[in-house]
Amino acid sequence: MSHHHNIEVDISFEDRYRVRVGQDVREALPSFCSQHYHPEKIIVIIDEKVDQLHHTKIQEICDDYFREILWLEVPRGERSKSLSQWQLMVDRILEEGVERGTPLLAVGGGVTGDLAGFVAASTLRGIPLIHMPTTLLAMVDSSIGGKTGLNHPTGKNLVGAFYQPEAVFADMAFLRTLEQEEWITGMAEVIKYAAIRKPELFDELTGLIKSIPEPDERWANVISESVRIKTDIVEEDVLEAGNRAFLNFGHTFGHALEKVAGYGNLAHGEAVFAGMIAATHFSRQLGHSVDDIRFSPFLPLYKRQIQSLPADIGALIEAMRTDKKVKDNTIQLVLLKEWGSPYIQPCTDLSKLEESWQYALAQFT
């Protein structure tokens, strides 16, 4: 099944990059590289578990064109998005020798992509970056749009840069080894795209979750559709002045949940799913015709997966206030006028906010 979806992304007049969603990147990647880079060397920054599972495949793809591969493994988990891990990588790359044109291939989920993206952005002020996302979340979200980031003791993603990849290759075959939890975590972002841009995706997803996830043509379509929505929104707004903020639907609530739960105790997608229920409830309180019944087919999956949610609403509201996206001390919420039409509203009404938190948390108890 070599049904490929090529999505051209216009970032600015000069930066076009290609996102390729398909069944196999075996030929696509070497041929892309032969058109763009010198065959001398490629740097591969790869998640250690993905490396154990797919080492041979990735090595063969790179060996097809490059004479030398510098392998750098990233330990599992959010802790790898650190300045110390970044420094280790940059040290290795500079010791081994690198030129402005040496490409860096990032293979893994969001953590690997964020770390490798910042390594690429900051080495020699920028070397070419190619993303090869291996999780659903990375395919539909973190590999698209050019955000890179490291965590800092004071908060998540506080060190980073906008840096666009030259290409993204989303190979569906990687999803065969994805754990159930990771499918569910990644699905939250697809649900978000349904909510803010394309409500028909709700029905498609509802059909897909009835069976064990199998990366087939239907998933390829859902992933392509998600990529297209994100790239459209990013194109409308490259540096987050306006519409890009719509991508934060559910995230203002979600980030607060992650923070109060203690990073690592709640998966990003789980937090965002709960956050979307809260944001939808808030919208409904303002009289908009959105009913969270849309989320109910997915609720059992998330409930089964979430150990517990923080219950301290005061702490959650405090965390929303200190989010890095807060402007002038006012919480900015992405709300829905109706499904598919988001808008931004400064939140001043704390009683509605409390009520939305209570409602959302009650769904999970």
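Here are some notes:
- Here is the figure for region 346-358: residues that are open to solvent by 60 Å² or more (accessible area, probe 1.4 Å) and not small (G, A, S) total 6.
- Test for G186: is it open to solvent by 10 Å² or more (accessible area, probe 1.4 Å) and either at positive phi or under 16 Å from the mean Cα position of the chain (by Cα) (or both): no
- Of the strands (runs of 3 or more DSSP E) contained entirely in region 104-216, those carrying at least 3 residues that are closer than 29 Å to L336 by Cα fall at 147-152, 155-162.
- Residues that are of a type in the set (A, V, I, L, M, F, W, C) number at least 3 in the following helices (runs of 4 or more DSSP H) confined to region 282-364: 313-321, 350-363.
- Tally of residues being part of a loop (DSSP other than H, G, I, E, B), over 19 Å from P30 (Cα atoms) and open to solvent by less than 60 Å² (accessible area, probe 1.4 Å) across region 60-103: 6
- Hits in region 31-59 - residues which are in contact (Cβ under 8 Å) with a residue 60 or more places away in the chain and either among the acidic types (D, E) or assigned to a loop (DSSP other than H, G, I, E, B) (or both): Y37, H38, E40, D47
- Checking each residue in region 33-54 for being farther than 23 Å from G97 by Cβ and surrounded by 13 or more Cβ atoms within 10 Å (Cβ to Cβ) picks out D47, E48, K49, V50, L53, H54.
- Residue within region 23-30 that is out of contact with any strand residue (DSSP E or B) (no Cβ under 7 Å at 6 or more places or on another chain), in a loop (DSSP other than H, G, I, E, B), open to solvent by 60 Å² or more (accessible area, probe 1.4 Å) and at pLDDT 85 or above present: yes
The values are calculated or read from the model by the stated rules, or taken from the named source; none is laboratory data. For clarity, every value in this text was computed on a predicted model and none was experimentally measured. Note: ideal-geometry Cβ built from the backbone for every residue, glycine included; neighbour counts use all protein chains shown. Quick note on the areas: whole protein, heavy atoms, side chains included, nothing else; ligands and nucleic acids left out. Shrake-Rupley method; radii C 1.70, N 1.55, O 1.52, S 1.80 Å.
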